[in-house]
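The values are calculated or read from the model by the stated rules, or taken from the named source; none is laboratory data. Remember, predicted model here, so these are calculated numbers, not experimental data. Backbone-built Cβ (ideal geometry, glycine too); neighbour counts: all protein chains shown. Just the protein is used for accessible areas: all its heavy atoms, side chains included, with ligands, DNA and RNA removed. Shrake-Rupley method; radii C 1.70, N 1.55, O 1.52, S 1.80 Å.
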Amino acid sequence: MNKIDGIDLTGKRVLFRKGVMRPEHENLTGIATGGFGCSPKLAGRAVFVRLDNGDEGRVNREDIEAVIE
């Protein structure tokens, strides 16, 4: 079971899986801001994120390792 199964990611700080982010962003976390992939109940995969450095982007739900409390 994935650490994010059943969790709505909207507004949560997330940690990305190794190798997902470019090397210069590898140690950054981000806030999930939206997308159908934020919801565990919808069929979408896209999660839009705002990184700690202010950059914004899109990842797939499966690219997220965990929610950071």
Would you report the distance distribution of C-alpha pairs in the chain as whole percents per 10 angstrom bin, up to the bin with the largest distance? 23, 61, 16, 0
Can you give the charge dipole size of the chain about its Cα centre, rounded to the nearest 20 debye, using +1 on the beta carbon of Lys and Arg and -1 on the beta carbon of Asp and Glu? 200 debye
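Can you sort Val49, Val67 by 1.4 Å-probe accessible area, starting with the largest? Intermediate results must be reported in sequence, preceding the final value.
On the way: Val49 5, Val67 30 Å².
Largest accessible area first, the residues go Val67, Val49.
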Ignoring any ligand, DNA or RNA, what whole percent of the accessible area of the chain comes from carbon and sulfur when the probe is 1.4 angstrom? 50 percent
Solvent exposure of the chain as accessible area per residue, Å², 1.4 Å probe: 64 Å²
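If DNA, RNA and ligands are ignored and the probe is 1.4 Å, what is the ranking of Glu56, Glu69, Glu24, Glu62 by accessible area, most exposed first? Mind dumping the intermediate values first?
Numbers: Glu56 145, Glu69 200, Glu24 120, Glu62 85 Å².
Sorted by accessible area, descending: Glu69, Glu56, Glu24, Glu62.
How would Ile64, Ile7 line up by accessible area, probe 1.4 Å, largest first? If you can, show how the numbers build up before the last one.
Numbers: Ile64 0, Ile7 55 Å².
I get Ile7, Ile64, largest accessible area first.
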Asp8 and Leu28 label points (each 7 Å along its Cα→Cβ direction) are spaced in nm at 2.7 nm
Taking +1 at the Cβ of each Lys and Arg and -1 at the Cβ of each Asp and Glu, which of Ile4, Ala32, Gly19 sits farthest along the dipole of the chain towards its positive end, judged by Cα position relative to the Cα centre? Ile4
Which FRET efficiency value, to the nearest 0.05, do you get for Ala66 and Ala46 by plugging their Cβ-Cβ distance into 1/(1 + (r/R0)^6) with R0 = 25 Å? 0.85
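Between beta-carbons, use under 14 Å as the cut-off and find the net charge around Lys41, counting Lys and Arg +1, Asp and Glu -1.
For residues surrounding Lys41, the net value is 0.
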